[in-house]
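Worksheet: one structure, shown below.
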Amino acid sequence: AGGTPFYCEINPILHQRLKSQGHEGQCSDFLTCPPVPLDFILMNPPFGGHADIKHVRHAYNIAPDGAQIVAIVSASAMRLPRHQDFIDFVNAHSVTPPEFLPEKTFHESGTHVLTCLIHIQNKETNP
C-alpha cells in the first residue's frame with residue numbers, strides 16, 4: 001500500500017476544493033486524459049448518457065498492463081441487455097464479481113440511482 005493519489009476532476013469548484021486540501025491532480029475531462037502510469041484507478045464517473053461506461057472503457061485503454069480499476073457504475077450498465085457488450089467486458093476482466101450496492105447507498109448525496117461496484121484488471125494479467 002502506498003503511492004501518491006492523483007485525481008482528474010472536471011468540476012472547477014471540486015478541483016479547487018481537492019487542491020486546497022493538498023491533493024495533486026488536474027481540472028479536466030477524464031475522457032481526454034492520455035495514457036497514465038498508474039497501478040490503480042478509483043472512479044466515481046458521471047452516469048448520464050452512459051458516461052460511466054465510457055469512463056471505465058477509457059480508464060482501461062489508458063492504464064498500463066496489470067493496472068486495476070475500481071469504479072462505481074449505474075446498476076443499469078450491468079443489468080440492461082443493451083449494455084451486454086459492457087457486461088461481457090467487465091466479466092472478462094473482473095478481479096472480483098460485480099457487487100450491486102444497496103438501494104439508497106448515495107441517499108445522503110441526494111441521489112437514489114441504483115449502483116454497482118466493479119473491480120477489473122487491465123489486459124491479460126488477471127489473477
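The values are calculated or read from the model by the stated rules, or taken from the named source; none is laboratory data. The shown structure was predicted, so the numbers you read here are calculated from the model rather than taken from an experiment. Please note: Cβ atoms are built from the backbone with ideal geometry, for glycine as well, and neighbour counts cover all protein chains shown. Accessible surface is based on the protein model in full, side chains and every heavy atom, while ligands, DNA and RNA are left aside. Shrake-Rupley method; radii C 1.70, N 1.55, O 1.52, S 1.80 Å.
Looking at the chain, send over the antiparallel percent of its DSSP beta bridges, to the nearest 5. Can you show the working numbers first?
Working: 11 of 18 bridges.
DSSP beta bridges in the chain are roughly 60 percent antiparallel.
Give the longest segment of the chain that steers clear of GluC sites (Glu not before Pro) in DSSP loops with at most 12 neighbouring Cβ atoms within 10 Å, not counting the sites themselves. Display every interim value, and only then the final one.
Values: sites that count: Glu103, Glu124.
After excluding every exposed loop site, the longest remaining stretch is 1-102.
If each of His112 and Ile10 carries a label point 7 Å out from its Cα toward its Cβ, how far apart are those two points in nm?
2.6 nm
With each run of n ≥ 4 DSSP H residues scored as -39500 (n - 2.57), what mean residue ellipticity at 222 nm is computed for the chain after dividing by its residue count and rounding to the nearest 500 deg cm²/dmol?
One gets -7000 deg cm²/dmol as the mean residue ellipticity at 222 nm.
Using modelled amide H (1.01 Å from N, peptide plane; none on Pro or chain starts), what sits under 5 Å from the amide H of Thr115, excluding residues fewer than 5 places away?
Ala75, Leu101
Take Asp88 and Lys123, extend 7 Å from each Cα along the Cα→Cβ direction, and tell me the distance between the two endpoints in nm.
2.3 nm
In straight Cα distance, which aspartates and glutamates are under 18 Å from Lys54, not counting same-chain residues fewer than 8 positions off?
Straight-line reach from Lys54, under 18 Å: Glu9, Asp29, Asp85, Asp88.
Can you work out ³J(HN,Hα) from phi for every residue in the stretch 114-120, in order, using Karplus 6.51 cos²θ - 1.76 cosθ + 1.60 and θ = phi - 60°, giving whole Hz and x for Gly and Pro?
6, 10, 9, 9, 10, 9, 10
Sequence-distant or interchain residues sharing an amide H contact under 5 Å with Gly25, placed H: which?
Those lying under 5 Å, H to H, from Gly25 are Tyr7.
May I ask you to give the percent of accessible area on the chain that is carbon plus sulfur, with a probe radius of 1.4 Å? Walk me through the intermediate numbers first.
Working: 4400 of 7900 Å².
Summing carbon and sulfur atoms, their accessible area is 56 percent of the total for the chain.
In Å, the Kirkwood hydrodynamic radius of the chain over pairs of distinct alpha carbons?
Every distinct Cα pair counted, the radius reaches 15.4 Å.
Normalised radius of gyration for the stretch 1-62, please: alpha carbon Rg relative to 2.2 N^0.38 Å, two decimal places.
Working: Rg = 12.0 Å, N = 62, 2.2 N^0.38 = 10.6 Å.
Cα Rg divided by the expected 2.2 N^0.38 Å: 1.14.
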